[in-house]
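This report refers to the structure that appears directly beneath it.
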Amino acid sequence: MIRRTKKRWEDQAQGHIGRREARTEFYKDSASRINLNGEWKFLYLEAPELSPEGFMNKGTETDWDMIDVPSVWQLRGYDRMHYTDVLYLFPINPPFVPSENPTGIYKKTVHINREWIQNDTILKFHGVDSAFDVWINGIHAGYSKVSRLPSEFDITAYIQEGENDITVRVYKWSDGTYLEDQDMWWLSGIYRDVELINEPKDGVFDCTADGDLDSSYKNGILRADITTKQEICDGTWKLERDGKAVTGGTFQTKEGKTHIKETIPGAELWTAETPNLYELTVSAGKHEVVVRVGFRKIEIKDNNFTVNNQVILLNGVNHHDFHPKEGRCVTQEQMKADILLMKQYNINALRCSHYPANGYLYDLCDEYGLYVIDEADLECHGFEWVERYDWITNDPSWKEAYVDRSVRMVKRDRNHPCIIMWSMGNESSFGCNFRSAAKAVKELDASRLLHYEGDYEAEVTDVYSTMYTRLKRLKEIGESDFKGNKPHVMCEYGHAMGNGPGGLKAYQEMYRKYKRLQGGFLWEWYDHGILTEEENETYYRYGGNYGDFPTNGNFCIDGLLMPDRTPSPAMLEYKQVIAPVEVTRIGAGREILVRNYYDFLTLGHVSLRWEIQTEEHIIQEGCISHMTALPHEAEKVTIPFLPFIAEANTDYYLNITVCQKQDTNFAKAGHEISKVQFPLDIRCDVLEERPKGEPLEVSETADILKVGNGSVMVTFHKIFGKLLSVAAEDQEYLSEGPVVSVYRATIDNDMYKKEDWLNKYFIQKSSEQTEYFTYETGADKVVVSIGKYFGCVNQSWGFECDYEYTIYSCGQVKVNLQGKAIQRGKLEPSFLPRIGVVMKGNQSLQKAVWYGLGPGENYSDSKAASTRRIYSSSVDEMGTSYVFPQENGHREEVKWFGIGDGNKSLLCKMEAPLGLNLANYTDESLEEAKHPFQIQRADHVEIHLDYLQSGLGSNSCGEEQMEEFKGKLQDFSMAFVLQVVDDGEIKKEAKKRYLD
Ligand code: GAL
Ligand code: MG
């Protein structure tokens, strides 16, 4: 007995029925088209077998629903949402899939006129997930799969003049699903465009154009292969640049083919920095098509890969198709906005992770200039889980399926100059099927490099690709004598999950230092959060929020762009870290060194805007616009700022902004490429007497100590050894004084530390015990000294703390805290999230101002994009609302801050700069919340002053914080002065320095 018969969608050998050979997508095509997007009739079923009888015939759809195409049905109320990173949602039993196989039948009527009938009619689906059958007027016209590639069917024989019925039946699960296990939401349906193409019978079928270079790298070589629909066909071709003819000719095809080869002397070359494009127009019969050509040459030279004979560095990002309402359906406008943003953020490369993107994306990359790794729609990660990773990868019966996915991608996309590497897929182990795919790709196109990270030994690939490689290993790769080794790319690194990644600078330095390392691609562009609008709340869902299990939760919230397209702080950091122009200061004078990290452009296109900035104002500025450094070279520049007399107690900075001189197609003249700030060693300290107020009075009970006069009232708890309140004129400004804190609401990049931090070291469960409490009254001041022991539940490590509070008659309260690290057992965390104090400010103090790094949040290992000055904001706006709540809004190097109610402010001046967090919630409620709207608003302003806060790292997937950014248990000290001032006086008061 045959136990189980393969269904059509359970047969890896059944690649398609009636699908046309894959071919290029023309840039322009004179063939007329009917766009079939829009409303379709829709019938959702739990399995294909439940299809109503005669569903493929016209007229059966009377009571069906309507659905818009393109869309994914899970986001239109059918089936269910589910997110996994690695896991398949059903037993591994290839090529079989569940009998419960969600199915959507789509139906549309299209009117075809007499003129159309004279030509061929092609039905083109740009993307359907995961497999589908097509019927035209009740007749089966084809079957296809591979979700992220187009399928074309010649339906000429099935159509008639007048009304025509198109029925498409889409299967959620197919044998193809085993090859589509990428880390993303499981989504189904006709999710890319559908169109009808009316092709002249004597027209062009395909045109492959390659813009190569001769050995001088100056002259272009155009090679084109034209395929016509007729065996013998006369035609013409022309090459144009900006609408001006360059060359051209006529051709006649034999057996439907012809080849053109032509030299283009002095061609304008294509690179990501100079995206020069030519247009090749091919006419045959009544048909005219255009493909764009970029002249450039990709080679391996001395074990590096080169573009136009230049070793290049990839500063890339991994890109998925994503929209918070539409899942994987994206519009051209959105794709364009993505590409523009990337260019504006100095990104020069994009990896299509992990499937071919919508065709239009490559047009944009050609036009705006991005190097692309085009990746086949292939990942079978779930097999790793069962410890038989190469199960189908090494099974020859799956060969055609593997080859098909690469070959169809190459055939569709090979005219795009932006593509410099073909990737055969992602996370699918290695085996014979990749060897076959590699061979097939090379046969089709040897002009590009072959990539596949899963080929760990780089047996068939041209580049050695790794992901999330730690710096130590990366250095080894960089240092290995790479003659005989292949160039390295990091196809993924810097996991942008939640707050982070930090530590990007170290990677960039490594890439720049070692020639073998040719850069990498940050993971990833988007947070894949699904917009959810409920009665009172708007938020973004991630895995598990739909009751989906198993799931990888918020592992899909790992992008540089928030779901609403707000660039995250990490994106600003990345922009600065990879900036192609680097400015450093030479010595302490006016000289700077400007390094050109462009691979092709001289610095002629940038200008340097310089400023001398105080905490607040620009006092001198200028612009240098005669930069000349060649690619990979540097030039010295003297900034012509004039000597000036330093004002009292004022910091001075030299700010340098590298700007675009002229408009480009992605940004206007003046666009900032890079910005750096150098503190100047120019300062004039003027100390003054602290003013005197009314005499201070001390009153005391058994547990309370009050020190005050008409202008200030400071209250302490003697038993708890705590500052309880700072008030002025009956208004309380501080409702709880400093207590030590070593905890932050853990970030995603703390995920491997979190368990120990919270459940072994109990860092969130800390307390202070009073050791001594004394005070002393002096002239115009009272000094309260409190000794405390700080520790966490059941821990032997902690701090011996000496708090000294000096209350001056003028109303100022100086806090001096010395912490001595103690360990009387053995157990202690390898590092702490922070060492600092937390205080409670009055809830009414919502206006924030600070002098320190900003404007956005910054951390010790992520502050390249921040500069020092006085910034104003509100307590709420100082935070970053991550889709999954976690520590945020920190500012480093803060010299003072104020929080005010519009009338008075609490000013806090540091003796030495500290880290600052201001928030309207506690760390505990931040840790608890699963969505921003769940964060409990506190009845006070939470104020954190940090002696140190550990960096962000990228450990959710990648490198931990580097050692220097880990806050080890250590002695610490901090000092600051609290005072209540009129809002208008805050900056003036902040500047004052006092004698004692
Ligand atoms: C990689 C994988 C990506 C993504 C990432 C983690 O291993 O290639 O698809 O899963 O890890 O976010
Ligand atoms: Mg994966």
Q. Under the Karplus relation 6.51 cos²θ - 1.76 cosθ + 1.60, θ = phi - 60°, what is the ordered set of whole-Hz ³J(HN,Hα) values for the range 172-180, x standing for Gly and Pro?
A. 5, 10, 8, 4, x, 4, 4, 9, 10
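Counting other Cβ atoms within 10 Å, keep those with at most 12, restrict to DSSP loop, and tell me which chymotrypsin sites (Phe, Trp or Tyr not before Pro) in the range 190-226 are left. All intermediate terms of the calculation are to be shown ahead of the outcome.
Numbers: sites: 191, 205, 217; in loops: 191, 217.
Sparse-neighbourhood loop chymotrypsin sites (Phe, Trp or Tyr not before Pro): none present.
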(Q) For a quick check: with amide H placed at 1.01 Å from N, whose amide H comes under 5 Å from residue 81's, ignoring anything fewer than 5 positions away on the same chain? (A) none
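Roughly how many debye, to the nearest 20, is the charge dipole of the range 584-725 about its Cα centre, given +1 on each Lys and Arg Cβ, -1 on each Asp and Glu Cβ, and no other charges? It would help to have the intermediate numbers written out before the result.
Working: 14 positive and 20 negative charges, 67 e Å.
The calculation lands at about 320 debye.
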(Q) Please list 3J(HN,Hα) in residue order for the range 293-302, calculated via the Karplus relation 6.51 cos²θ - 1.76 cosθ + 1.60 where θ = phi - 60°; whole Hz, with x for glycine and proline. (A) 10, x, 8, 6, 10, 10, 9, 9, 10, 6
Q) In Å², what does the accessible area per residue of the range 621-757 work out to with a 1.4 Å probe? A) 50 Å²
Q. Whole-Å semi-axes of the chain's equivalent ellipsoid, largest first, each the root of 5 times a Cα gyration tensor eigenvalue?
A. 60, 34, 25
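Report in % the part of the accessible area of the range 1-103 that belongs to carbon and sulfur, leaving out ligands and nucleic acids; probe 1.4 Å.
Details: 2650 of 5300 Å².
The computed percentage sits at 50.
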Q.
To the nearest 20 Debye, how big is the dipole of the range 733-841 about its Cα centre, given +1 on the beta carbon of each Lys and Arg and -1 on that of each Asp and Glu?
A. 240 debye
Q: Treat each spin label as a single point 7 Å out from the Cα along the C-beta direction, and report the residue 538 to residue 443 distance in nm.
A: 5.4 nm
Q) Counting only the backbone N, which residues of the range 420-442 are under 18 Å from the spot 7 Å out from the Cα of residue 473 toward its beta-carbon? A) 426-430
Q.
Using square roots of five times the C-alpha gyration tensor eigenvalues, list the equivalent-ellipsoid semi-axes of the range 812-966 in whole Å, biggest first.
A. 25, 20, 17
Q: Quote to one decimal, in nm, the extra length available between residue 262 and residue 509 on full extension: 0.36 nm per residue of separation minus the C-alpha distance between them.
A: 84.7 nm
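What is the percent carbon and sulfur in the accessible area of the range 127-173, measuring with a 1.4 Å probe over the protein chains and ignoring ligands? Walk me through the numbers before you get to the answer.
Details: 430 of 970 Å².
Carbon and sulfur together cover 44 percent of it.
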Q) Alpha carbon centre of the range 972-987 versus the range 299-373: separation in Å? A) 48 Å
Q: Take the cross-link list 706/895; 692/781; 505/668; 814/988; 814/992 and give me the ones stretching past 20 Å between alpha-carbons.
A: 706/895; 505/668
Q: Could you list, in their original order, any pairs among 760/826; 661/863; 513/966; 472/760 whose Cα atoms are separated by more than 20 Å?
A: 661/863; 513/966; 472/760
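Determine the per residue accessible area of the range 886-996 with all protein chains present and a 1.4 angstrom probe, expressed in square angstrom. It would help to have the intermediate numbers written out before the result.
Numbers: 4040 Å² over 111 residues.
Spelled out: the 1.4 Å probe surface of the range 886-996, per residue, equals 36 Å².
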Q. Among the lysines, which have Cα under 18 Å from the Cα of residue 108 when same-chain residues fewer than 8 positions away are ignored?
A. 41, 58, 124
**Q.** For the range 383-399, 3J(HN,Hα) per residue [Karplus equation, 6.51 cos²θ - 1.76 cosθ + 1.60, θ = phi - 60°, Hz, x = Gly/Pro]
**A.** 5, 5, 4, 8, 6, 9, 4, 9, 2, 9, 5, 10, 9, x, 5, 9, 3
Q.
Rolling a 1.4 Å sphere over the protein heavy atoms, what is the accessible area per residue of the range 1-160, to the nearest Å²?
A. 43 Å²
**Q.** In the range 631-727, trypsin sites (Lys or Arg not before Pro) in a DSSP loop with at most 16 other beta-carbon atoms within 10 Å
**A.** 661, 668, 683, 692
Q: Putting +1 on Lys and Arg Cβ atoms and -1 on Asp and Glu Cβ atoms, find which of 397, 438, 569 reaches farthest to the positive end of the dipole of the chain.
A: 438
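Can you tell me what the convex hull of the Cα atoms of the range 166-222 projects to on average, as an area in nm²? Please report the intermediate quantities before stating the final value.
On the way: hull surface 35.9 nm².
Seen from a random direction, the Cα hull of the range 166-222 projects 9.0 nm² on average.
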**Q.** Dipole magnitude of the chain about its Cα centre (Cβ charges: Lys, Arg +1; Asp, Glu -1), debye to nearest 20
**A.** 1940 debye
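Is it possible to state the helix-based mean residue ellipticity at 222 nm for the chain, with each DSSP H run of 4+ residues giving -39500 (n - 2.57), the sum divided by total residues, to the nearest 500 deg cm²/dmol? What is it?
Values: 12 runs with 108 residues, N = 996.
The per-residue figure over the chain is -3000 deg cm²/dmol.
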**Q.** In the range 157-235, the trypsin sites (Lys or Arg not before Pro) that fall in loop regions by DSSP, at most 14 other Cβ within 10 Å
**A.** 201, 218
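The values are calculated or read from the model by the stated rules, or taken from the named source; none is laboratory data. Worth saying up front: this structure is predicted, and the values here are computed from it rather than measured. Please note: Cβ atoms are built from the backbone with ideal geometry, for glycine as well, and neighbour counts cover all protein chains shown. Ligands, DNA and RNA are excluded from the accessible area calculation, which covers all protein heavy atoms including side chains. Shrake-Rupley method; radii C 1.70, N 1.55, O 1.52, S 1.80 Å.
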